[in-house]
Amino acid sequence: MYKLIAIDMDGTLLKEDKTISNENFSAIQKARKPGVKIVLATGRPLNGIKKYLSHLNLINEDDYTVVFGGAVVQNNKNEEFISHNILELEDWNYLFSLSKKLKVNIHALTENSCITPKDNKYSSHEATMNSIPLIIDNPSNMKENFSLIKIMFIDEPEILSKAIDKLPKELYDKYTIVRSAPFFLEFLNINANKGLGVESLAKSLNIKQEEVICIGDAGNDTHMVEYAGLGVAMENAFPELKEVANYITLSNENHGVAHVIDKFIFNN
């Protein structure tokens, strides 16, 4: 029996209008009644999904979320860390220098803000989507104490693809690098990804790997889909994610999360 379902947000649980369908909502509430743990696993910060957690009633002392692409796992009620793997200012300095060389925009996420040296539409989108302030500055110039959770190259998809092709190979040994959207490339602590985040939470809850379902659509979901006892890709998922999945469900517009719950939790 599956005891934990980790669900990506954008492109998976959420429709394109960023809402949760009635079908997905009802299926999640139905799964929770027999004790199945529902865990949102997202590249967003906790602040960016609090309205969804409240809507799903995942705000109790035994509710948890994998945030920042797996760099952080937090309790939803008291926000205490289950795991916390962050970056350093020297990582920013290195990647900022590389971004200038590759002519691609960059920003960094702290626990409560998005910081970018140059205003751009993708950083504005990130800040607005997650209800966090956008700070136009270079983190190296800032005197405040803050934790850099992840650093991102953010630009037009074709510009980003060209930059990815030119990334130094040793970078992949230094960071976890995932493309979470056509315009987002994320750099995380090498010990951080959604798979490791879900694994650390499952172990803390004494849930076995084979009792875990993970559902996603993008490159930053690959590690958790590979980790899961049942790894699920959305119909609208990146082709490379479909290749590693055990099962392909319906699209995010057609309530693919509800389909997985009905089929594998309730055998419908």
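FYI, it's all coordinate maths here, none of it is from the lab. No experiment lies behind these values; they were computed from the predicted model shown. Don't worry about glycine lacking a Cβ; one is built from the backbone with ideal geometry, like all the others, and counts go over all protein chains shown.
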Here the FRET efficiency for H84 versus N267, based on Cβ atoms and R0 = 35 Å and rounded to 0.05, is 0.40
What does the charge count near E211 come to, summing +1 for each Lys or Arg and -1 for each Asp or Glu among other residues with Cβ under 10 Å from its Cβ? +2
Can you run phi through the Karplus equation (6.51, -1.76, 1.60; θ = phi - 60°) for segment 144-158 and list ³J(HN,Hα) in whole Hz, with x for Gly and Pro? 5, 8, 8, 9, 7, 8, 8, 10, 9, 8, 9, 6, 4, x, 6
The chain, helix-only ellipticity at 222 nm - DSSP H runs n ≥ 4, -39,500 (n - 2.57), divided by all residues, nearest 500: -9000 deg cm²/dmol
Could you give the radius of gyration (one decimal) and Dmax (whole number) of the Cα atoms in segment 89-189, in Å? 12.6, 35
Which order do the peptides 130-140, 181-191 come out in when sorted by mean C-beta neighbours inside 10 angstrom, highest first? 181-191, 130-140
Do the alpha carbons of any pairs in K169/K203; K77/K194; K100/K166 sit beyond 24 Å of each other, and which pairs? K169/K203
Net charge of neighbours whose Cβ lies under 14 Å from the Cβ of Y227, counting Lys and Arg as +1 and Asp and Glu as -1: -3
Against the longest principal axis of the chain, how steep is helix 194-204, in degrees 0 to 90 to the nearest 10, with axes from Cα atoms? 50 degrees
Contour minus Cα-Cα distance for E243 and I190 (0.36 nm per residue): 16.8 nm
The extension gain from L171 to D119, computed as 0.36 nm times the residue separation minus the Cα-Cα distance, is 16.1 nm
If you project the alpha carbons of segment 45-119 onto their three principal axes, what span does each projection cover, largest first, in Å? 46, 23, 15
What pairs in K162/K263; K208/K242; K15/K37 have C-alpha atoms more than 30 Å from each other? K162/K263
Cross-link partners among aspartates and glutamates for K103, C-alpha distance below 15 Å, same-chain residues fewer than 8 apart left out? D119, D155, E156, E158, D165
Read-out mean projected area of the Cα convex hull in nm², candidates (1) 15.0; (2) 13.1; (3) 12.2; calculated match is (2)
Could you calculate the contour length gain from S147 to E16, that is, 0.36 nm times the residue separation minus the distance between their Cα atoms, to one decimal place in nm? 44.1 nm
Check: the chain dipole with +1 on Lys, Arg Cβ and -1 on Asp, Glu Cβ, in debye: 160 debye
